[in-house]
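The values are calculated or read from the model by the stated rules, or taken from the named source; none is laboratory data. Quick caveat: nothing in here was measured; it's all calculated off a predicted structure. No Cβ is skipped: glycine too gets one built from the backbone with ideal geometry, and neighbour counts run over all protein chains shown. Surface accessibility is based on the protein's heavy atoms, side chains included, excluding ligands, DNA and RNA. Shrake-Rupley method; radii C 1.70, N 1.55, O 1.52, S 1.80 Å.
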Amino acid sequence: MRKTTLNRLALCTAIGALAITATITSRTLAAEDPVKIPAPAVDVQSSDGLQTAVLAGGCFWGVQGVFQHTAGVVNAVSGYAGGSRSTADYNIVSTGTTGHAEAVEIKYDPKKISYGRILQIFFSVVHDPTQLNRQGPDTGTQYRSAIFTTNDEQKKVAEAYIGQLNAAKVYRKPIVTKVGSLEGFFVAEAYHQDYLTLHPNQPYIVFNDLPKVENLKKIFAENYVEKPTLVSARVTN
């Protein structure tokens, strides 16, 4: 079962101490290796106006961080999806009993990036879609891999892409990502927003999340932007 914020920070401290006192490579502690995968054979048709994608792939700090560095994304907000408004609170969600997953709501310009490319980045560098109810050091249903679709076309594309990737056997194990309709997205507490950018030296971020941003830069160079699109910038502007 997943820790509260204090326990997560304690884990960060322990990992940092371990890195100092033992000879351990960053590869050992870092996020899962990226997987180069084909683009989806079926994609959502481009349209005018901003579109929304909601994805869950482990701790939302890293998921948000990757998409804040993705060209065409105008806003990426950490929050909760899968449960009710009354339980959309970090300390309650961390019990793993609410039905919520830590998720990120991505607002994007379909003229600059497609829904399919967002899914390709999600499956390739954001997380390991073959891990059931966990990612890296975090365990519990709140860390499950999930795609919350906002319309039937997104559902069709997501399901087809999972089938395509499984058929191509690009992973050693089957994808466990669940696809379901978005019933509600609830923005997480302010201290969770822009966490990767605000805490780049925290051991948890260094070992688990910064490698994901680097992998985005390497594998999806044409979709990478150096300056992140921050939630705080939208609030203050």
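Please give the calculated 222 nm ellipticity per residue for the chain, where each DSSP H segment of at least 4 residues contributes -39500 (n - 2.57) and the sum is spread over every residue; nearest 500 deg cm²/dmol?
The per-residue figure over the chain is -9000 deg cm²/dmol.
Against the longest principal axis of the chain, how steep is helix 5-21, in degrees 0 to 90 to the nearest 10, with axes from Cα atoms?
70
Per q in 0.33 Å⁻¹, report the Debye log10 I(q)/I(0) for the stretch 56-98, using one uniform scatterer on each alpha carbon and no solvent.
Taking Cα atoms of the stretch 56-98 as identical point scatterers yields -1.18.
Counting alpha carbon pairs within less than 8 Å and at least 6 residues apart, what relative contact order, in whole percent, applies to the stretch 78-217?
31
Given a 1.4 angstrom probe, I'd like the percentage of the accessible area of the stretch 78-204 that is carbon and sulfur, rounded to a whole number.
Using a 1.4 Å probe with all protein chains present, the stretch 78-204 comes out at 51 percent carbon and sulfur.
How long is the gain from residue 173 to residue 95 if the chain were fully straight, where each residue apart is worth 0.36 nm and the alpha carbon distance is subtracted?
Stretched out fully, the residue 173 to residue 95 stretch lengthens by 25.3 nm.
Defining a contact as two alpha carbons under 8 Å apart and six or more residues distant in sequence, what relative contact order in percent does the chain show?
31
State to the nearest 20 debye the size of the charge dipole of the stretch 96-163 about its Cα centre, where the only charges are +1 on K and R beta carbons and -1 on D and E beta carbons.
Taking the Cα centre of the stretch 96-163 as origin, the dipole is about 180 debye.
Would you list 54, 231, 74 from the most to the least accessible area, probe 1.4 Å?
Greatest to least solvent exposure: 74, 231, 54.
Calculate, for residue 221 and residue 189, the FRET efficiency according to 1/(1 + (r/R0)^6) with r their C-beta to C-beta distance and R0 30 Å; round to the nearest 0.05.
0.35
Report the label-to-label distance for residue 164 and residue 47 in nanometres (one decimal), using points 7 Å from each Cα along the Cα→Cβ vector.
2.0
Please compute the length gained on full extension between residue 233 and residue 181, using 0.36 nm multiplied by the number of residues separating them and subtracting their Cα-Cα distance.
Full extension from residue 233 to residue 181 adds 15.8 nm.
Per residue, how many Å² of accessible area does the chain show with a 1.4 Å probe?
46
Gaussian network model of the chain, Cα springs within a sub-10 Å range: biggest mean-square fluctuation belongs to which of 198, 216, 132?
Its mean-square fluctuation being the largest, the pick is 198.
Report the FRET efficiency, 1/(1 + (r/R0)^6), for residue 152 and residue 201, where r is their Cβ-Cβ distance and R0 is 45 Å, rounded to 0.05.
Efficiency for this residue pair is about 0.55.
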